[in-house]
């Protein structure tokens, strides 16, 4: 191959790689912010203490790190919901039962690109 073509391919590959890393970093920052906002919303409504906030944030970070392709996402969501509820006291659980449907919908509908194929969770029809 011509030396100029090889250099051009290397430059293009490097540019694509840099763009991918940059877009992943922006996505991770957006996701982190989304999780923080969701937990902050819970903190306000359920009057969570700092330990509960930290634990629920960790639970949600793990949830969004998982891959849902080919898995039963409803089971994963249910398990995550149960883990969150385990850290709530009785009064907080009662309040959470009232708001959890809307809270989960907002949490799971997060999509920084507003593109259904890029949704965090692949939902079953």
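Details
- Inter-label distance for residue 6 and residue 75, nm, one decimal - labels placed 7 Å from Cα along Cα-to-Cβ: 5.1
- Neighbour-count order for 33, 73, fewest beta carbons within 10 angstrom listed first: 33, 73
- Segment residue 43-residue 105, length gained on full extension (0.36 nm per residue, minus Cα span): 20.6 nm
Throughout, read-outs are computed from the coordinates displayed, never taken from laboratory work. Everything numeric here is computed off the predicted structure, so don't read it as measured data. Cβ: placed from backbone, ideal geometry, glycine included. Neighbour counts: every protein chain shown.
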